[in-house]
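The values are calculated or read from the model by the stated rules, or taken from the named source; none is laboratory data. Note that the structure is predicted; figures quoted are calculated from it, not measured. For neighbour counting, all protein chains shown are included, and Cβ atoms are generated from backbone atoms with ideal geometry for every residue, glycine included. Heads up: the accessible areas ignore ligands, DNA and RNA and are worked out on the full protein's heavy atoms, side chains in. Shrake-Rupley method; radii C 1.70, N 1.55, O 1.52, S 1.80 Å.
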There are 2 protein chains.
Amino acid sequence: MNKYYTITELTREFGVSTRTLRFYEDEGLIHPERRGRTRLFRPADRHLIKEILRGRRIGFTISEIREIIQVYKDPPGEMGQLQLLMQKVSVKRDDLRQKRRDIDETLAELDNVEEACLTRLAEIGVGT
Amino acid sequence: MNKYYTITELTREFGVSTRTLRFYEDEGLIHPERRGRTRLFRPADRHLIKEILRGRRIGFTISEIREIIQVYKDPPGEMGQLQLLMQKVSVKRDDLRQKRRDIDETLAELDNVEEACLTRLAEIGVGT
DNA sequence: GCAAAAATTGACTTTCACGTAAAAGTAAAT
DNA sequence: ATTTACTTTTACGTGAAAGTCAATTTTTGC
């Protein structure tokens, strides 16, 4: 069996264009197999794409995403590299925590906006 | 009294360039006063900049930020506009919630990365 | 086995959010 | 009065992440 996905199956599933997936391949994020020139995506590729898009949603750059993926494939063996990586992880973590605070604050603001809207609607509604 | 801020004071406080603040003015996000040609920022401007940067951190575009700011200055008076706005708010909210999930998942992943690093370090440390 | 649909490559274009350089005006301090 | 530190406008440049277009293959359905 060993299911394969075509490129358009995946573009439909994830709502991205073929150009995007090819771009990710060019950037070395994914390595779909080939039958001739045609790309064949395996479940592993599909999973990777999921992770890529998640990274994208929270604002990681392509190279940041690439870096994370690299770690999984081949964790650095050298001491210095490892320490550097851990530093980066720590920075990223702080960054993400800040983002979460930002999101919470913005969500609260959106609540305000909504309430203001409802009030307005009520006013208008009464006047009609 | 009525404190004014110079542009560089604010760039230092927020870690952005003058170009950035001027750009935000060009984009209609802020409207600092002028003494001659020189910009004078009031506390209100400073506060707005804070909000803009928060929006930026979570990936809002300039026009999305502009939209939110607009609502505060001048909530739409027309019914249709209001409903449209509320729809947008609802979409944004969903978007932000998704982002928060993404962040949580990524934080968990970073924990894994870190642990893998620590394990590696221990291995190497022993071998030395 | 042949047409239609789908996939490929390559080059060019676009959008966003500023960066950068140039040339000149201001303002306070020495 | 001159230096020093900012500030201004104008205008072109840039990098990331794709979008678009065109000209070929390749695959699939019948």
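Residue by residue along A:104-117, Cβ atoms of other protein chains within 10 Å of the local Cβ number 5 on average. In the assembly of identical copies, A:E114 has its label point, taken 7 Å from Cα in the direction of the beta carbon, separated from the corresponding points by 3.3 nm (ascending, one decimal). When the Cα positions of A:I68, A:L40, A:I58 are compared along the charge dipole of region A:32-74, A:L40 comes out farthest toward the positive end, with charges on each C-beta of Lys, Arg, Asp and Glu. Neighbours of A:I7, meaning other residues whose beta-carbon lies under 13 angstrom from its beta-carbon, give a summed charge of +4 when Lys and Arg score +1 and Asp and Glu score -1.
The Cα trace of the protein assembly as shown gives Rg and Dmax of 23.6, 82 Å, the first to one decimal, the second as a whole number. Across the alpha-carbon set of region B:1-74, the Rg to Rh ratio works out to 0.95, Rh being the Kirkwood radius. The value of relative contact order for region B:1-74, using C-alpha pairs under 8 Å at least six residues apart, is 30 percent.
Roughly how big is the protein assembly as shown's charge dipole about its Cα centre, with Cβ charges of +1 (Lys, Arg) and -1 (Asp, Glu), in debye to the nearest 20? The partial results should precede the final answer.
Numbers: 48 positive and 44 negative charges, 136 e Å.
That gives a dipole near 660 debye.
Separation of region B:71-110 and region A:86-128, taken as the distance between their Cα centroids, equals 7 angstrom. Rounded to two decimals, what is Rg over Rh for region A:57-128 when you use alpha-carbon atoms and the Kirkwood radius? In region A:57-128, Rg relative to Rh is 1.38. Amide H to amide H distances under 5 Å link B:L40 with B:E33, B:R34, B:R35, where only residues 5 or more positions off or on other chains count and H is placed in the peptide plane.
Computed over protein heavy atoms with a 1.4 angstrom probe, the accessible surface ordering of A:R42, A:R93, largest first, is A:R42, A:R93. Each label point was placed 7 Å from the Cα along the Cα-to-Cβ direction; for B:D94 and A:E105 their separation is 2.7 nm.
So for chain A, averaging the separation of alpha carbon pairs under 8 Å that are six or more residues apart and normalising by length, what relative contact order in percent results? Could the numbers behind the result be given before it?
Working: 52 pairs, mean separation 21.9, N = 128.
Taking the mean separation of contacting Cα pairs over the length of chain A, I get 17 percent.
Just checking the output field for A:10-19: average partner chain Cβ neighbours within 10 Å of each residue's Cβ? Numbers along the way, then the final one.
Working: counts 0, 0, 0, 0, 0, 0, 0, 0, 0, 0.
For this peptide, the per-residue mean of nearby foreign Cβ atoms is 0.
Between A:E27 and A:I124, full extension at 0.36 nm per residue minus the direct alpha carbon distance yields a gain of 29.6 nm. For A:D94, the solvent-accessible surface with a 1.4 Å probe is about 90 Å², rounded to the nearest 10.
Sorted into 10 angstrom bins from 0, the C-alpha pair distances of chain B split as 10, 28, 23, 19, 11, 6, 2, 0 percent.
Looking down the axis that turns chain A into chain B, the chain A residue with its beta carbon nearest that axis, and the gap rounded to whole angstrom, comes out as A:G59, 3.
Taking 0.36 nm per residue of separation and subtracting the current Cα-Cα distance, fully stretching the chain between A:L84 and A:R34 would add 14.5 nm. Relative to the Cα centre, the charge distribution of region A:82-128, modelled as +1 at Lys and Arg Cβ and -1 at Asp and Glu Cβ, gives a dipole magnitude of about 520 debye. Lysine pair count for chain A (Cα-Cα distance under 25 Å; residues 8 or more apart in sequence or on different chains): 9.
In peptide B:49-57, how many Cβ atoms from other protein chains are near each Cβ within 10 Å, on average? Can you show the working numbers first?
Working: counts 0, 0, 3, 0, 1, 8, 3, 2, 8.
Average per residue, whole number: 3.
In nanometers and ordered shortest first, the copy-to-copy spacing of the A:D74 label point, defined 7 Å from Cα toward Cβ, is 5.8. Helix B:79-127 and the longest principal axis of the C-alpha atoms of chain B enclose an angle of approximately 30°.
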